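Accompanying notes for the structure given below.
The values are calculated or read from the model by the stated rules, or taken from the named source; none is laboratory data. In this text, all values refer to a predicted model and were calculated from it rather than measured experimentally. All Cβ positions, glycine included, derive from the backbone under ideal geometry; neighbour counts span all protein chains shown. Surface accessibility is based on the protein's heavy atoms, side chains included, excluding ligands, DNA and RNA. Shrake-Rupley method; radii C 1.70, N 1.55, O 1.52, S 1.80 Å.
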Amino acid sequence: HVQLVESGGGSVQAGGSLTLSCAASGNIDDSIVMAWFRQSPGKKREGVASIYSGGGSQYYADSVKGRFTISRDNAKNTLFLQMNSLKTEDSGVYFCATKGSFAYWGQGTQVTVS
C-alpha cells in the first residue's frame with residue numbers, strides 16, 4: 001500500500017512563499033510521474049505541476065509558471081513544491097499524487113493566501 005502525506009501548508013500574505021512536501025511510503029518504485037494538484041471550493045481539481053522520474057521533465061500550469069518549482073528527492077521518496085510570489089488565487093487544498101501502475105493521492109494540505 002502506498003501512502004502520500006502532504007505537509008507545509010498554511011496561511012501567508014500575498015507575495016509570500018511556502019514550500020509543500022509530500023512524503024511517500026510504500027512501494028512507489030514504478031512511479032512514472034509525481035504531481036501537485038489543487039482545489040478551491042466550488043472549483044474542479046486542477047493540475048499545478050508534475051515531474052517525471054528522472055526529474056528533468058517538468059510541467060507547470062500557466063498560472064504558476066515562473067513562480068512555482070516542483071522537485072523530487074527520490075532517495076527520500078519526497079516530492080516538493082516551492083511556491084513563491086503567492087497570489088490570493090493560489091489558495092486551495094493542495095494534493096500530491098503519483099502514478100505508475102496505479103495512481104495514489106494524498107489527503108491534501110491547505111494553502112491560504114490573503
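Return only the number of the condition from (1) at pLDDT 95 or above; (2) open to solvent by 30 Å² or more (accessible area, probe 1.4 Å); (3) more than 11 Å from the chain's Cα centre (by Cα) that residue 37 does not satisfy.
Residue 37 satisfies every listed condition except (3).
Which of the numbered conditions does residue 4 fail, given that it passes all the others? Conditions: (1) open to solvent by less than 60 Å² (accessible area, probe 1.4 Å); (2) farther than 14 Å from residue 109 by Cα; (3) hydrophobic (A, V, I, L, M, F, W, C).
Evaluating residue 4 over (1) open to solvent by less than 60 Å² (accessible area, probe 1.4 Å); (2) farther than 14 Å from residue 109 by Cα; (3) hydrophobic (A, V, I, L, M, F, W, C) leaves (2) as the failure.
Among the residues of the range 102-114, which ones are out of contact with any Leu (no Cβ under 9 Å at 6 or more places or on another chain), open to solvent by 20 Å² or more (accessible area, probe 1.4 Å) and either assigned to a strand (DSSP E or B) or at pLDDT 95 or above (or both)?
103, 110, 112, 114
So, in the range 12-34, of the ones that are polar (S, T, N, Q) and farther than 15 Å from residue 82 by Cα, which residue ends up least open to solvent (accessible area, probe 1.4 Å)?
It comes out as 31.
Select from the range 74-93 the residues that are within 13 Å of the chain's Cα centre (by Cα), over 10 Å from residue 111 (Cα atoms) and not hydroxyl-bearing (Ser, Thr, Tyr) and list them in ascending order.
The answer is 79, 80, 81, 82, 83.
Please go through the range 73-94 and give me each residue that is open to solvent by 20 Å² or more (accessible area, probe 1.4 Å) and at pLDDT 95 or above, ordered by number.
80, 82, 84, 85, 87, 88, 89, 91, 93, listed by residue number.
Please verify whether the range 59-72 includes one or more residues that are farther than 19 Å from residue 6 by Cα, open to solvent by 70 Å² or more (accessible area, probe 1.4 Å) and within 12 Å of the chain's Cα centre (by Cα).
Checking the range 59-72: at least one residue is farther than 19 Å from residue 6 by Cα, open to solvent by 70 Å² or more (accessible area, probe 1.4 Å) and within 12 Å of the chain's Cα centre (by Cα).
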